[in-house]
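Here the structure is laid out as structure tokens; the discussion comes afterwards.
The values are calculated or read from the model by the stated rules, or taken from the named source; none is laboratory data. Everything numeric in this text was worked out from a predicted model, so none of it was measured. Positions of Cβ are generated from backbone atoms using ideal geometry, with glycine treated the same way; all protein chains shown enter the neighbour counts. All accessible areas refer to the heavy atoms of the entire protein, side chains included, with ligands and DNA or RNA removed. Shrake-Rupley method; radii C 1.70, N 1.55, O 1.52, S 1.80 Å.
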Amino acid sequence: HESKELLLSLPREKGWGHPYFYSYQDIWYSPGLIQAIISFQNHFQSKESDIIITSLPKSGTTWLKALTFAIVNRNRFSPSQQNHPLLTSNVHDLVPFFEVNYYGNNQIPNLSNLPEPRLFGTHVPFNSLPDSIMKSKCKIIYICRNPFDHFVSFWIFINKVIPSSMPKLSREEAFERYSNGVTEFGPFWIHMLRYWRGSKVMPNKVMFLTYEDLKGDINFFLKRMAEFLGIPFNSDEESNGVIESIIELCSFEKMKELEVNKNGKFLQKYENKHFFRKGEVGDWVNHFSPWMEEKLSKVIEDKLGGSGLSF
Ligand code: A3P
């Protein structure tokens with residue numbers, strides 16, 4: 001368990017989905033996660049071939065993990081084969097999260113024997129990644145999302161998975177906390193900006209994507225991802241429709257309808273179906289009132305203005 005002293009020494013705020021969030025290295029976390037992150041920082045040994053999918057929760061993590069898994073394993077598993085692992089497994093089991101699957105619950109796993117390249121996921125912000133990751137030549141792909149849609153996806157998800165003992169958050173209450181940066185792994189602007197700057201300083205190490213990029217031109221970004229990972233599609237693959245097969249395999253419509261995603265659970269806690277809601281850009285217009293739109297626009301301008309990052 002997280003030591004009581006550690007938690008008592010950290011600033012705290014009312015959380016959502018959890019009674020309190022605690023601030024560690026400028027980011028808000030629910031109890032339990034901080035110890036896992038410290039353990040991840042202290043024990044993880046990176047390899048040059050590692051590929052790490054990083055994101056803010058509810059930004060397109062599930063999609064990016066699936067795309068990366070399909071690209072990396074395309075010679076082992078043809079993206080058009082009937083028994084592709086992505087058709088029978090939850091992608092979060094294929095590409096586990098450091099902080100919940102591996103280092104959660106005081107575990108210190110031995111990951112050295114996993115087949116290479118090892119694929120991992122994490123929501124840990126750039127500046128809190130283990131030194132071992134920063135020093136190795138491993139690759140990081142980050143995804144975030146327009147804060148308007150991000151808020152809607154976050155709010156609806158949390159209310160679906162919140163323990164029944166906790167009151168659901170009204171839209172206004174959730175919005176207030178989101179705008180103040182108080183979300184799991186928030187403030188969103190710090191999380192985004194740290195990876196954004198990382199991608200500028202280390203373009204060969206960090207690839208920065210948005211959900212809107214992928215929705216806008218998946219074909220283009222899929223090729224860029226493969227190039228970034230050092231495994232570009234060759235001309236045979238291009239003419240044989242491998243890219244199109246990966247896009248189809250990882251599409252929202254396809255993944256949402258899989259048996260494992262309709263009925264399975266992740267971490268014995270979250271129903272997989274909650275990871276597939278609408279899968280659209282611009283759904284925020286159905287959930288925002290004019291004052292919310294004005295307020296979030298201002299937050300974005302204040303926090304991201306001048307950074308070069310825009311949505
Ligand atoms: P919505 O709530 O707007 O529908 P994460 O994977 O980081 O938890 O993000 C979840 C969001 O990504 C949800 O957005 C979800 O519907 C969407 N999503 C999940 N799988 C997707 C896919 N294969 N393609 C596009 N969007 C997907």
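For the listed residue pairs 58/295; 65/139; 47/262; 58/262, the alpha carbons are over 24 angstrom apart in 47/262. Per residue, the range 1-101 exposes 42 Å² of solvent-accessible protein surface, assessed with a 1.4 angstrom probe and all protein chains in place. Given a 1.4 Å probe and the protein chains as shown, residue 197 ends up with an accessible area of around 140 Å². With both residues required to sit in the chain, DSSP beta bridges show an antiparallel share near 35%.
On the beta carbon distance between residue 301 and residue 25, with R0 = 30 Å, the FRET formula returns roughly 0.75. When the Gaussian network model of the chain links Cα atoms closer than 10 Å, the mean-square fluctuations of 151, 188, 252 top out at 252.
When a 1.4 Å probe is rolled over the protein heavy atoms, the share of accessible surface on the chain that falls to carbon and sulfur comes to 49 percent. The dipole here belongs to the range 120-228: it is taken about the Cα centre, uses +1 on the Cβ of Lys and Arg and -1 on the Cβ of Asp and Glu, and is about 420 debye. With only the Cα atoms considered, the range 46-179 has a convex hull volume of 148 Å³ per residue. In a simple Cβ point-charge model (Lys, Arg +1; Asp, Glu -1; nothing else charged), the range 1-138 has a dipole of about 300 debye relative to its Cα centre. The three principal axes of the C-alpha atoms in the chain carry coordinate ranges of 55, 44, 43 Å, sorted with the longest axis first. Round to the nearest 10 and give me the degree value, 0 to 90, for the angle of helix 147-161's Cα axis relative to the longest principal axis of the chain. Here the helix axis deviates by roughly 80 degrees. A probe of 1.4 angstrom, applied to the heavy atoms of all protein chains, finds residue 93 with accessible area near 90 square angstrom. The helix-based estimate of mean residue ellipticity at 222 nm for the chain, built from -39,500 (n - 2.57) per DSSP H run of four or more residues and divided by its residue count, is -12000 deg cm²/dmol to the nearest 500. Bridging of residue 168 to aspartates and glutamates at a Cα separation below 14 Å is possible for none of them, once same-chain residues fewer than 8 apart are set aside. Protein-only accessible surface at a 1.4 angstrom probe places the residues 299, 161 in the order 161, 299, largest first. Farthest toward the positive end of the dipole of the range 94-149, out of 120, 140, 100, is the Cα of 140, where the dipole comes from beta carbon charges about the Cα centre. Entry for the range 10-53 at q = 0.16, 0.22, 0.29, 0.31 Å⁻¹: log10 I(q)/I(0) = -0.53, -0.77, -1.00, -1.07, Debye formula applied to identical alpha-carbon scatterers, no solvent contribution. Other residues whose C-beta falls under 11 angstrom from the C-beta of residue 160 contribute a net charge of +2, scoring Lys and Arg +1 and Asp and Glu -1. Solvent-accessible surface of the range 196-298, averaged per residue with a 1.4 angstrom probe and all protein chains in place: 56 square angstrom.
Quote the Stokes-Einstein diffusion coefficient, in whole µm² s⁻¹, for the range 137-231, based on the Kirkwood radius over alpha carbon pairs, a temperature of 10 °C and a viscosity of 1.306 mPa s. In µm²/s, the coefficient rounds to 105. Solvent-accessible surface (1.4 Å probe) assigned to residue 170 amounts to roughly 50 Å². A simple charge model with +1 on the Cβ of Lys and Arg, -1 on the Cβ of Asp and Glu and nothing else charged puts the dipole of the chain at about 460 debye relative to its Cα centre. Measuring from a point 7 Å past the Cα of residue 161 along Cα-to-C-beta, which residues in the range 180-215 have an amide N at less than 14 Å? Once the point is set 7 Å along Cα→Cβ of residue 161, 184-186 turn out to lie under 14 Å by backbone N, inside the range 180-215. Mind checking which of 85, 163, 125 has the largest fluctuation in a GNM of the chain, springs on alpha carbons under 10 Å? Comparing 85, 163, 125 in a Gaussian network model of the chain, the most mobile one is 163. log₁₀ I(q)/I(0) of the range 169-311 at q = 0.10, 0.18 Å⁻¹, via Debye over equal Cα point scatterers, no solvent, to two decimals? Result of the Debye calculation: -0.51, -1.33.
Dividing the radius of gyration of the alpha carbons in the range 1-115 by their Kirkwood radius gives 1.04 for Rg/Rh.
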